[in-house]
1. If a residue must be open to solvent by 100 Å² or more (accessible area, probe 1.4 Å) and away from the ligand (no atom under 16 Å from the Cβ), how many such residues does segment 77-98 contain?
2. If you go through segment 100-122 one residue at a time, how many are within 18 Å of Ser59 (Cα to Cα) and surrounded by 12 or more Cβ atoms within 10 Å (Cβ to Cβ)?
3. Of all residues in segment 65-86, which are part of a helix (DSSP H, G or I) and either in contact (Cβ under 8 Å) with a residue 12 or more places away in the chain or under 12 Å from Leu135 (Cβ atoms) (or both)?
4. Starting from segment 114-128, keep only residues that are more than 7 Å from the ligand (Cβ to nearest atom) and outside any loop (DSSP other than H, G, I, E, B), then list their pairs with residues that are open to solvent by 60 Å² or more (accessible area, probe 1.4 Å) and modelled with pLDDT of 95 or more whose Cβ atoms are within a distance under 6 Å, requiring at least 6 positions of separation or different chains.
5. Quick check on segment 41-63. Is at least one of its residues open to solvent by 40 Å² or more (accessible area, probe 1.4 Å), part of a helix (DSSP H, G or I), out of contact with any Ser or Thr (no Cβ under 8 Å at 6 or more places or on another chain) and among the acidic types (Asp, Glu)?
Amino acid sequence: MSKIQEGIPTQSKDQENLLVLLEETQSRLGYLPRELMTELAKSLGLSVSEVYGVATFYSFLSTKPLGRNVIRICKSLPCFLKNCQTIIKSVEKEIGIKPGETTPDGRFSFQLTNCIGACDKAPAMMINSDVHVDLTQKKISRILQAYK
Ligand code: FES
């Protein structure tokens, strides 16, 4: 390892373990309860704010319970340049909530996210693990109807 590489901060083993544990919990419970983050902090010897900081940094982790279907619209530059704002407005109109909210019936949670790796077919979004690309206002209604 070069002197330059040695100077670059790396993730500690505890931080790597923390992210894996948070991802596992998210997939098991659907979100990260506050009590669990406190317990994780104790068991890994980290502060609660460190755990909370990681849990809130990644858009695929949530500290609040989510709906059965999670819509994530990409807001990164290539999607922005392909008018993702129009898609965001269409989803808001279809399901009646804003980004960061969950419908009262628990059918949808709506979030904005950074790049999901479909930039060449922007604008793009994910619903759960499904990727939808080349979005238009017309497509939104049809796509959402498939998610009950
Ligand atoms: S910028 Fe939107 S998918 Fe990459």
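The values are calculated or read from the model by the stated rules, or taken from the named source; none is laboratory data. Here the structure is a predicted model, which is why all the values come from computation and not from measurement. Every residue, glycine as well, gets a Cβ built from its backbone with ideal geometry; the counts of neighbours run over all protein chains shown. Heads up: the accessible areas ignore ligands, DNA and RNA and are worked out on the full protein's heavy atoms, side chains in. Shrake-Rupley method; radii C 1.70, N 1.55, O 1.52, S 1.80 Å.
1. Residues flagged as open to solvent by 100 Å² or more (accessible area, probe 1.4 Å) and away from the ligand (no atom under 16 Å from the Cβ) within segment 77-98 amount to 3.
2. 13
3. Within segment 65-86, Pro78, Cys79, Leu81, Cys84, Gln85, Thr86 qualify.
4. Short answer, once both residue conditions are applied: Lys121/Asp134.
5. yes
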